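Asker: I have a structure I would like to understand better, so I am pasting it below and will then ask my questions one at a time.
The values are calculated or read from the model by the stated rules, or taken from the named source; none is laboratory data. Remember, predicted model here, so these are calculated numbers, not experimental data. Here the Cβ positions follow ideal geometry from the backbone for every residue, glycine too, while neighbour counts run over all protein chains shown.
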Amino acid sequence: MTTPSKCFSLVRGRVMRVTALDGCGRPRPGACASIVSEGFVSVAFTAVTDTGTEISVQNAAGKTCIRDTPCPVFNGYTVEIAFCEVNPLLYAMVSGQGALFDADGNGNGFTMNSDVSACDSGFALELWSNVPGIACAAAGSQGSFGYVLVPFLQGGVIGDFTIQNDAVTFTLSGAATKTGSGWDVGPYNVVMDSTPAPAPLANPIKSGDHLLVQLTEVAPPEATCDCQPSGVPATSATAGAPGTFSPTDSYAPYDLAMANSEALTATPSTAWTTGQYIILGNNSRATWDGTTWIAYTP
């Protein structure tokens, strides 16, 4: 008995979704937890492999008497993304760098700082493509689409660019996939279940999974320049190294200004001792001086 399968072709890129991850590769709650964008030109994947060392020995007559060629080992991918629009919050999310905000709290720029480590944060990347010539199967289908998931990326840098009499494009390079993803089935409905109804992935992402490609009948999300939140804003922070936020699964203010303007309550209310701090949404650190939140310097 044969096993049924669906063959499909991928054509063009529709949208991408970038989701901020914590150090364990899990989706990170926050006011800016994910962004859906169509402002990219291309996403290039380069496989990283270890070909090993071939053993070859010739005998006295010059003939090969021993030859062993190792199997190549797959170690993941490096990913390069070329953007055709500047989305400051998206750039900050994929590079770990800082975003700038205007007086109304809108992201309006980004910085590249050599003191920032691109390995202090991570992101997941989802891509949707067109799939020509595939009929929808389920009654509740929203269409036929190609779905690509890279569950754990780290280390991206906004690289070379040129300002001239032409369009200015920015490229993220150096991002590499990692093992140990905490994506599981993901926080989004991206496939149809047996009902049929939109649902998370049918199979959880395993620790060694670097890439998932599949056919889906759930339409991609709509592109927008704005960040999408996950969780609820924190109302209090308890001293620690680092400190913790309440309520459970709440997220930190993005920066110092927001920590003070949103009246984040400190516990204890007296000045925190040396070594006690919280990590803000932009990966900077803050501590409580008994009156206000200030930058923390180790």
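Asker: Looking only at segment 103-127, how many residues end up being more than 30 Å from Val191 (Cα to Cα), among the acidic types (Asp, Glu) and at pLDDT 80 or above?
Answerer: 1
Asker: Scanning for something acidic (Asp, Glu) and not in a strand (DSSP E or B), does segment 67-80 turn up at least one residue?
Answerer: no
Asker: Look at Asp160 and say whether it is free of Cβ contacts under 8 Å to residues at least 40 places away in the same chain, in a loop (DSSP other than H, G, I, E, B), within 24 Å of Met258 (Cβ to Cβ) and charged (D, E, K, R).
Answerer: The answer is no for Asp160.
Asker: Checking the conditions here, which among Phe40, Phe110, Phe83 is buried (at least 17 other Cβ atoms within 10 Å of the Cβ), in contact with a Pro (Cβ under 7 Å, 6 or more places away or on another chain) and among the aromatic types (Phe, Trp, Tyr)?
Answerer: Phe110
Asker: Give me the residue from segment 1-22 that is out of contact with any Cys (no Cβ under 9 Å at 6 or more places or on another chain) and small (Gly, Ala, Ser) and, out of that set, farthest from Cys119 (Cα to Cα).
Answerer: Here the residue is Ser5.
Asker: Please work out which one of (1) surrounded by fewer than 17 Cβ atoms within 10 Å (Cβ to Cβ); (2) closer than 26 Å to Leu90 by Cα is the condition Ser236 fails and give its number.
Answerer: (2)
Asker: Moving to a separate point now. Do we find that Leu21 is of a type in the set (A, V, I, L, M), in contact (Cβ under 8 Å) with a residue 24 or more places away in the chain, surrounded by 15 or more Cβ atoms within 10 Å (Cβ to Cβ) and over 24 Å from Gln154 (Cα atoms) in this structure?
Answerer: No; evaluated as a whole, the condition is false for this residue.
Asker: Out of Ser181, Ser173, Ser194, report the one residue that is part of a loop (DSSP other than H, G, I, E, B), polar (S, T, N, Q), surrounded by 15 or more Cβ atoms within 10 Å (Cβ to Cβ) and assigned by TED's automatic domain parsing to the domain that holds Leu127.
Answerer: So the residue among Ser181, Ser173, Ser194 that is part of a loop (DSSP other than H, G, I, E, B), polar (S, T, N, Q), surrounded by 15 or more Cβ atoms within 10 Å (Cβ to Cβ) and assigned by TED's automatic domain parsing to the domain that holds Leu127 is Ser181.
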